[in-house]
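What follows is a single structure, written as structure tokens, with notes after it.
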Amino acid sequence: RLLGVNTPEKGKFYSENAVNFLKNEILNKEVELVRDFEDYDRYQRKLRYVFLNKRFINLEILQNGYATSFMLDSLKYSEKLKFAENFAKINEIGLWKKSSDICSKCIKLVGIYPEEEYFLIKNICDYDCDLNEWIVKDDANHFIYLEEIEKNSIYEYKSKIKMWNDDKDRFFMRDSNGELVIYYEYSLN
């Protein structure tokens, strides 16, 4: 498991890009694996930074937009990883590419309520928007699938599971092509 990095789940947009990047860059090559303060995650996967010669692979996968940063708070290389993600975000690379769907300009996040596990979105346009195959995702890999939203209306989406961290999390809304519609980050600390 690459430290500080969250690649898309298998079958989701950009998951193949992440896999192919890693295959092309490090498969059958001698790499250096470096641990941080934690050795294993809760699934007993080894948590590591990957270096190939002087290249920092964790950083490159973020910079190419094939992943988002994850749980950086106390990591040794958190600032470098944040910088790499910001590069992809500013340049709209990979997972940070903005949606060109006509409805992407219509849908606004009204509010997110992590303790109650729901969020509100509004269609501000004067036409209905078909959001089937659109998803909302948190910082981890919990998903909510959207549906059609009528013109000038507000919809509530409630999670069936404990999805949102109450103190800090991120909100990603993606269209049917996996392009970013809304990104929102909150921290209550």
Using alpha carbon centers only, the stretch 165-183 is separated from the stretch 1-64 by a whole-angstrom value of 22 Å
Just to confirm the filter: which chymotrypsin sites (Phe, Trp or Tyr not before Pro) across the stretch 1-62 are DSSP coil and have at most 13 other Cβ within 10 angstrom of their Cβ? Phe37, Tyr43
Environment charge of Phe83, counting only residues whose C-beta is closer than 15 Å and scoring Lys/Arg +1, Asp/Glu -1: +1
Kindly report the accessible area of the chain per residue (heavy atoms of protein chains, probe 1.4 Å, no ligands, DNA or RNA), in Å². 58 Å²
Sparse-neighbourhood loop hits (trypsin sites (Lys or Arg not before Pro), the stretch 13-50; DSSP loop; Cβ within 10 Å at most 14 others) -> Lys29, Arg35, Arg42, Arg45
With the cut-off at 22 Å, tell me which of the pairs Lys10/Lys122; Lys12/Lys122; Lys89/Lys160; Lys108/Lys168; Lys137/Lys158 have Cα atoms farther apart than that. Lys10/Lys122; Lys12/Lys122; Lys89/Lys160
As straight-line cross-link partners of Lys76, the qualifying lysines (C-alpha separation under 18 Å, not fewer than 8 residues apart within one chain) are Lys46, Lys54
DSSP loop chymotrypsin sites (Phe, Trp or Tyr not before Pro) in the stretch 138-189 with at most 14 other Cβ atoms within 10 Å of their Cβ, which ones? none
So for the chain, Kirkwood radius off the Cα pairs, Stokes-Einstein at 37 °C and 0.692 mPa s: how many µm² s⁻¹? 185 µm²/s
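The values are calculated or read from the model by the stated rules, or taken from the named source; none is laboratory data. Keep in mind it's a predicted model, so treat the numbers as computed, not measured. Don't worry about glycine lacking a Cβ; one is built from the backbone with ideal geometry, like all the others, and counts go over all protein chains shown. Keep in mind that these areas ignore ligands, DNA and RNA; they rest on the heavy atoms of the full protein, side chains included. Shrake-Rupley method; radii C 1.70, N 1.55, O 1.52, S 1.80 Å.
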